[in-house]
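Below is one structure, written out as structure tokens; the observations come after it.
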Amino acid sequence: MVNNVLYAYNHGMQVASHTWSHPYLTSLSQDQVVSQMSQIDLAIQRITGALPAFMRPPYGAFNDGVLEVAASRNQTVVVWDFDSGDSTGASPAQQMASYDSLVARRPNTILSLEHEVYETSAHEVIPYAIQKLKGAGYNLVTVAECLGMQPYQSVSAPMAQQAVSCTKYLISIPPSFTDFFNCMKPGNIPSTWHC
């Protein structure tokens, strides 16, 4: 998992916070939410040297308490507006049809959610979606680029790899680091345009 995060970061992908053990944050106390966010941010910082400026709550579930904790940590909460359905059992054909329908509607922006832990998402659906979206004139950019914000609060040298602690949560809950979460917008929109 550490190598996957480092690979994504080193190849220009935005790494954002997603909690330590993937709980429903709305069911936790504020102290528990702080703990979830602090632990994952520390791990990301140790691996990459970067402190994320964005977080996506598991299951898209958040409330005022979660927003308050995120704000106190200087993080922007971001959720998707398009889910391919891979995590709920949609077949690759169904996911591709969803992308066809989405592109036909021509929304100004698309914040999509896919999970690379599903083989078909990573190797069938994502390449199809990229081709389809680019063919329709969309540019694929990070969430930070789409919003005109910095992806990280700070960036420094990563800590030594042996200092990084990977528990079962980082290994068994892959969305903590590696969901595909992209912002697409039509190519003719100025770079200062906000999603």
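The values are calculated or read from the model by the stated rules, or taken from the named source; none is laboratory data. Since this is a predicted model, take the numbers as computed values, not measurements. Cβ sites come from the backbone with ideal geometry, for glycine too, and all protein chains shown count toward neighbours.
Of the residues making up region 71-84, those that are more than 27 Å from Gly137 (Cβ to Cβ), free of Cβ contacts under 8 Å to residues at least 40 places away in the same chain and not in a helix (DSSP H, G or I) are Arg73, Val77. Listed conditions (1) of a type in the set (A, V, I, L, M); (2) out of contact with any Pro (no Cβ under 9 Å at 6 or more places or on another chain); (3) modelled with pLDDT of 90 or more are all met by Ala136, apart from (2). Can you find even one residue in region 85-105 that is part of a strand (DSSP E or B), surrounded by 15 or more Cβ atoms within 10 Å (Cβ to Cβ) and at pLDDT 95 or above? Taking every residue of region 85-105 in turn, none turns out to be part of a strand (DSSP E or B), surrounded by 15 or more Cβ atoms within 10 Å (Cβ to Cβ) and at pLDDT 95 or above. Within region 45-70, the set of residues being more than 20 Å from Glu145 (Cα to Cα), of a type in the set (A, V, I, L, M) and not in a loop (DSSP other than H, G, I, E, B) comprises Ile47, Val66, Leu67, Val69.
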